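In what follows, a structure is listed as structure tokens, so that the remarks can point back to it.
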Amino acid sequence: MRKFLVVLDESRECLNAMRFAAMRAAKTGGGVQVLSVIPPEEFQHWMGVADLMRAEARERIEVHFDVFAKWMRDKQGVNPELVIREGDPVTEILAQVREDPDVGVLVLGAGTEKTGPGPLVSQLSRASGSLPVPITLVPGDMSKERLESIT
């Protein structure tokens, strides 16, 4: 089954990327894989503190994921899978795309700030020519109704 890989982070545009991935998966018989990356700088402390911080970060991610997963199951009939990786976000996203042959599309939310679409979109766009899958950029300020009409 083809999976839509979508990145779960703290950005506002993440919501539209999640919606788009779930709606496309529902309409095409695909799946959704939600990837969250814990950056390494969160653990630059003593070993015991780093382990506690890592556990807390994973717990926050799982709680955040549960909200999206419930919506996807209830509204779209899609049961998403969660993948948590640690490291540089761009490196880990690229690794996940390359390691999972079922990933067919990378879905990213594009920020609406004047500074640009966001660091992930900017960095991954530069690597898009060598990716084994297409990238879909979902505008962060697109309405739910417009998303529904185009999926």
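Number of residues in the stretch 84-105 that are surrounded by fewer than 18 Cβ atoms within 10 Å (Cβ to Cβ) and aliphatic (A, V, I, L, M): the value is 3.
Would you call residue 82 in contact with a Leu (Cβ under 7 Å, 6 or more places away or on another chain), under 19 Å from residue 39 (Cβ atoms) and either of a type in the set (A, V, I, L, M, F, W, C) or at pLDDT 95 or above (or both)? No: the conditions fail for residue 82.
Listed here are the helices (runs of 4 or more DSSP H) enclosed by the stretch 64-151 that have at least 1 residues being free of Cβ contacts under 8 Å to residues at least 40 places away in the same chain and within 16 Å of residue 18 (Cα to Cα): 119-127, 144-150. Here residue 52 does not fit the description of being assigned to a helix (DSSP H, G or I), under 15 Å from the mean Cα position of the chain (by Cα) and at pLDDT below 95.
The values are calculated or read from the model by the stated rules, or taken from the named source; none is laboratory data. Keep in mind that what you see is a predicted model, and the values were worked out from it rather than measured. When we count neighbours, we look across all protein chains shown, and the Cβ atoms used for this are built from the backbone with ideal geometry, even at glycine.
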